[in-house]
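The values are calculated or read from the model by the stated rules, or taken from the named source; none is laboratory data. Predicted model, so just to flag it, every value in this text is computed and none were measured. Heads up, the Cβs are rebuilt from the backbone with ideal geometry, glycines too, and the neighbour counts pull from every protein chain shown.
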Amino acid sequence: MRFVGALACFAFVISTTASARADFVTIPSKQTTTGSPIFITQTSVFVDPNNSSSFRACVSFKNIAPKPANFVTFTFRFDDMLGNPIAEQLLHRTGSFGPGIVIEGKMTALGGNSDSFNNCVNVSMTSIQPRLETIGVTEVRFEDGTSWKKGDPMPGAQPGNQPGGGGAGNSSVNVNGATGAGIDLAGAGGTFGTIAWVPGSRRLIASDLDEPNQTDADYGALSKCNTLNGGGTACKVIVRMFGPQNRCGAVALDDVNVKAASARGPNSNDTIKAAQDALVKSGGTLAANSIVTVVCNTK
């Protein structure tokens, strides 16, 4: 990619072959969208030989939350070979972004549509060739009036089965219709894991293990599960694993796919037994294939 000083020669080469055509260039990229309801599916960078002041960066993205969004803030940063930022830009994207639908950016020199340019941002030309592009998401607003900001829990994640929350295996109580659950304020220690599942399915289930925090584990499991589901958004967090006493998680489903149960525990054998017992207690029947999955963090 040529920037500033070398741009004139670069533009001349392009103009001799396709005078009105922008040149797509390759820059290694990474995204920092962990925990975000927006998943970036593709990126592109291209230079217009008729524009010496800026180049264009584009994204294609997908809303993986279970509700439509209408506003997304993307961040673009370009670093030099030493990791120092040399160019930054924001893109405030508005529209209607339904769950699971890929919103295409400008990815090729030919084709596309006028709306695809709305996924692009002009970045000031630099005197140094960028060596890395980093794309992030800092804010998402939804059509129901709610919003997500970087650091918030993944929309659609269930509040139970996590440190400090209710869920299967916690010390829950019921007093004349009022429910309560004990909260462990001690540090969980170890690593974090999540199982995400399309309720009732034996195939559409995924896990993410040994993550440094629960947000990363939730995002990883939901992303994997929704990918298995063809990009849909039906996957839900069913089990969260954390610390040595909750290192493993399991999901059980009865043989007629009517009742289900989940469990977590310190080892796989006890966790499987807890899921089976919970399934029977809920009115389900055990079968040889009742356990849909059992996974464990390494610590």
*Would you kindly identify the strands (runs of 3 or more DSSP E) lying entirely within segment 23-120 that contain at least 2 residues that are of a type in the set (A, V, I, L, M) and surrounded by 14 or more Cβ atoms within 10 Å (Cβ to Cβ)?*
38-47, 54-63, 69-79, 85-97
*Which number in (1) closer than 30 Å to GLN31 by Cβ; (2) buried (at least 19 other Cβ atoms within 10 Å of the Cβ) marks the one condition that SER201 misses?*
(2)
*asked:* Looking at the structure I just gave you, is ALA178 modelled with pLDDT under 85 and not assigned by TED's automatic domain parsing to the domain that holds THR33?
replied: yes
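Evaluate the following for PHE55: is it at pLDDT below 85 and not hydroxyl-bearing (Ser, Thr, Tyr)? It would help to see each step written out before you state the result.
Details: at pLDDT below 85: no; not hydroxyl-bearing (Ser, Thr, Tyr): yes.
For PHE55, the condition - at pLDDT below 85 and not hydroxyl-bearing (Ser, Thr, Tyr) - is not met.
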*What number of residues within segment 19-66 satisfy the criterion of being more than 19 Å from MET125 (Cα to Cα) and among the hydroxyl-bearing types (Ser, Thr, Tyr)?*
7
_Selection from segment 274-291 of residues that are surrounded by 14 or more Cβ atoms within 10 Å (Cβ to Cβ) and without any contact (Cβ under 8 Å) to a residue 40 or more places away in the chain_ = ALA275, GLN276, ASP277, LEU279, VAL280, GLY284, LEU286, SER290
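Show me the strands (runs of 3 or more DSSP E) entirely contained within segment 213-297 in which 1 or more residues are in the same structural domain as ILE101 (by TED's automatic domain parsing), touching a helix residue (DSSP H, G or I) at 6+ places or on another chain (Cβ under 7 Å) and at pLDDT below 90. Working first, answer last.
Details: elements: 236-242, 248-253, 260-265, 291-296.
Per the criteria, no element qualifies.
Do the conditions hold for PHE46, that is, is it aromatic (Phe, Trp, Tyr) and closer than 27 Å to SER147 by Cα? Steps first, answer last, please.
Numbers: aromatic (Phe, Trp, Tyr): yes; closer than 27 Å to SER147 by Cα: no.
No, not satisfied.
Which residue is surrounded by the fewest Cβ atoms within 10 Å (Cβ to Cβ), if the candidates are limited to segment 132-161 and must be part of a loop (DSSP other than H, G, I, E, B) and modelled with pLDDT of 90 or more? Please lay out each step first, then the result.
First, the residues of segment 132-161 that are part of a loop (DSSP other than H, G, I, E, B): 143-146, 150-161.
Going one step further and asking which of them are modelled with pLDDT of 90 or more, we end up with 143-146.
On the way: GLU143: 13, ASP144: 10, GLY145: 6, THR146: 12.
Once the filter is applied, the top-ranked residue is GLY145.
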